[in-house]
Structure formats: structure tokens, C-alpha cells
Amino acid sequence: QQPVQSPQAVILREGEDAVINCSSSKALYSVHWYRQKHGEAPVFLMILLKGGEQKGHDKISASFNEKKQQSSLYLTASQLSYSGTYFCGTEGGSNYKLTFGKGTLLTVNP
Amino acid sequence: DGGITQSPKYLFRKEGQNVTLSCEQNLNHDAMYWYRQDPGQGLRLIYYSQIVNDFQKGDIAEGYSVSREKKESFPLTVTSAQKNPTAFYLCASSIFHELNTEAFFGQGTRLTVV
């Protein structure tokens, strides 16, 4: 079952902040975040692990609430290059099944 | 350079024909995945494989088949039973024994069935 992302789309001016949310109906072991430019492959941004360890991008941060089965991606002082579709992916345990949400389209304008 | 390669980039087929999409990786990854991407639907999991000669159905496996005879290869066959095969298909791979590592994606194959 796909995790649910919100909002579906967001438009920013350069320098503004944004938050993208991801929630799951199942218990999570880890949450992945990826960004995809139009017509290209998704690119890894960050992983958040159960227990708190975080890996990823130094200009973008994220949180992972295991009890609520939710994650949020924080984009601060957005740049034009941040434009794209952001996907969260979730893993529920030892079966390595990586399931993605429907994505959030982020547009950063000058 | 290590990476994951999908071919071809664009593929056209007539309705009723089976077609096989190639996915090769030289990253020495155990786990491989196939996703289908349609506008507004995100990435939907078709099949995934953790080790050679083993694979599991994802969320939308009907009308698709896969094989995993070699660690580096995970081809996807879109059969005539798939009712709406036109889509963008993405292959990915990751290290099996560590859950906390990212998936690497290929550049995708855009399949059009006419």
C-alpha cells in the first residue's frame, strides 16, 4: 500500500521554505526521500531510520515519527534547483519491499 | 563507472505483443526492483527480487513477469495480459543486507503500445 504524501503540489518563490509530509498506515522501519526532475530518474536525498539515525543531504532536513508512522521533509531557503517531484518511499521490515507515494510537485520560481 | 542501465530508452509495440525491458546493474547489489510510473500515480511497485532465482510480486504484478537468473540482471516482460501497458518503467537496485541504504535508479524505459 502506497504511503500518502501531502501536499500534492506547492509553488514557492526562491528563498521560501516548504514542508512535505509522508504518512503510512503500516509500521515503518525506514523512510526514503527522492527527488525526480521531469523525464529523469529519481535521485536519492535522504534516509531516516527507525531509532533515529539519519543520512542524507546537508541542505535539506527531515524528521521521522515512528509512533505516528510519519515523516516530513524540510526545504529551507529554497533554490531554483529544488524544483521537481519529491517522493517518499517506505520499508516495513525485513522483506525489503520499497513502496513509494504519489509524489509532491515542487515548483520554485525566481 | 558503476551504475544501473535500462534499455531501450523508448519502445513501441503493437497491442497484443509481449515485450521485454532490460535492466542491468554493475553495483553488486542483491536487491532489484521494477516500478511503473504514470502521471499522478507516483512509483508503483511491480516486482522485486532480493537474491538470484527469487522474486516477489509487488502491488501491480498482474500482466507482468520477471526473471532473476543473474545477480546483475532483472528483465521485465510486459505481457499481452497487461491491459494498459503504456507507461514509464523504472528499474532500481539496492544493497540487500542493509536496509538503510538508498536505491539507485536507471534512466527508465518509456513504453508505448499502439
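The values are calculated or read from the model by the stated rules, or taken from the named source; none is laboratory data. Note that the coordinates shown come from a computational prediction; the quantities given were computed from them, not determined experimentally. Cβ atoms come from the backbone with ideal geometry, glycine included; neighbour counts cover every protein chain shown. The accessibility values were calculated without ligands, DNA or RNA, using every heavy atom of the protein model including side chains. Shrake-Rupley method; radii C 1.70, N 1.55, O 1.52, S 1.80 Å.
The mean count of C-beta atoms from other chains within 10 Å of the C-beta of residues in B:54-66, rounded to a whole number, is 1. For A:Glu16, the residues whose modelled amide H falls within less than 5 Å of its own, excluding neighbours fewer than 5 places apart on the same chain, are A:Ser78.
Sort B:Val114, A:Val108, B:Val52 by accessible area with a 1.4 Å probe, largest first.
From most accessible down to least: B:Val114, B:Val52, A:Val108.
Once all protein chains are placed together, A:Lys26 keeps about 120 Å² accessible to a 1.4 angstrom probe. Element breakdown for chain A at a 1.4 angstrom probe: carbon and sulfur atoms account for 48% of the accessible area. For chain B, a Gaussian network of Cα nodes joined below 10 Å ranks B:Gly40, B:Gly63, B:Gly16 by mean-square fluctuation, and the top entry is B:Gly40. Averaged over the residues of A:80-90, the number of partner chain Cβ atoms lying within 10 Å of the residue Cβ comes to 1.
Other protein chain C-beta atoms within 10 Å of residue C-beta, averaged over A:39-47: 5.
The HN-Hα couplings worked out from phi for the stretch A:3-17 by the Karplus form 6.51 cos²θ - 1.76 cosθ + 1.60 (θ = phi - 60°) are x, 9, 10, 8, x, 6, 8, 8, 10, 10, 9, 3, x, 7, 9 Hz, whole numbers, x standing for Gly and Pro. Annotation: amide H-H contacts under 5 Å for B:Gly108 (H modelled 1.01 Å from N, sequence separation of 5 or more, or interchain): B:Gln6, B:Cys91.
Computed on protein heavy atoms with a 1.4 Å probe, the accessible areas place B:Phe104, A:Phe64, B:Phe74 in the order B:Phe104, A:Phe64, B:Phe74, largest first.
Rolling a 1.4 Å probe across the protein heavy atoms gives the protein assembly as shown an accessible surface of 49 Å² per residue. Summing both sides, the accessible surface hidden between B and A at a 1.4 Å probe radius is close to 2200 Å². Ligands, DNA and RNA aside, B:Asp54 has an accessible area near 50 Å² when probed at 1.4 Å. For the residue pairs B:Lys14/B:Lys71; A:Lys50/A:Lys97; A:Lys37/A:Lys59; B:Lys14/B:Lys70, the C-alpha atoms sit more than 20 angstrom apart in B:Lys14/B:Lys71; B:Lys14/B:Lys70.
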